[in-house]
Amino acid sequence: MKIELEPKLVFWITAVVATGFGLAFIFFPVFMYNLIGFFSDEDGYLMVRFFGLFVLGVGILTFWARNSELSKTREAIILMLFISYFLMTVTHLLVMGIRGPPLLTNVWLWLVVILHLTFIGIYGYFLIRDWKKVRALKAA
């Protein structure tokens with residue numbers, strides 16, 4: 001049995017992962033913050049909850065988009081995911097570089113970076129693979 005790398009499968013995986021992380025950031029902000037090596041006050045934890053809402057929104061979006069056919073809308077969702085994961089990865093790496101050794105040795109944070117890089121690669125592949133097909137839809 002051959003498993004094809006298609007947006008439907010990747011949207012499912014993204015939906016599960018993003019929903020899990022989103023709910024964890026919303027309901028357990030202190031635990032999640034401490035897990036990746038950050039410490040804050042109540043204002044920081046409130047911001048983590050807001051970030052959790054964004055991540056949960058990504059999970060909901062990808063869940064509802066999982067069965068979408070090739071279209072400009074699906075291409076826009078894939079582009080949004082590519083850019084979002086890219087910016088989150090850059091932010092993680094910048095913070096790790098600024099904060100130094102405590103974060104550079106944090107295994108959980110590196111796992112998040114690796115997960116984001118994986119999604120960047122997959123969604124970038126979809127963007128390149130479907131570029132001409134979506135442009136043909138625009139012409140029609």
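Bear in mind that the values in this text are calculations on the coordinates, not laboratory data. Note that this is a predicted model, so its numbers are computed, not measured. Ideal geometry is used to build each Cβ from the backbone, glycine not excepted, and the neighbour counts take in all protein chains shown.
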Exercise for review: Have a look at 71, 84, 40 and tell me which one the Gaussian network model of the chain (Cα, springs below 10 Å) gives the largest fluctuation.
Suggested key: 40
Exercise for review: List nothing, just return the count: lysine pairs in the chain, 8 or more apart or interchain, with Cα separation under 18 Å.
Suggested key: 5
**Study point:** Where labels lie 7 Å past Cα in the beta-carbon direction, separation of residue 70 and residue 50 in nm
**Key:** 4.0
Review point. Residue by residue through region 34-46, which ³J(HN,Hα) values in whole Hz follow from phi under the Karplus form 6.51 cos²θ - 1.76 cosθ + 1.60 (θ = phi - 60°), with glycine and proline marked x?
Key: 5, 4, 8, x, 9, 9, 8, 9, 4, 5, x, 5, 5
Check your understanding: Taking the Cα-to-Cβ direction at residue 135 and at residue 17 and moving 7 Å from each Cα, how far apart do the two end points lie in nm?
Key -> 2.9
Point to revise | Spherically averaged projected area of region 1-108 from its Cα convex hull (nm²) | key: 8.3
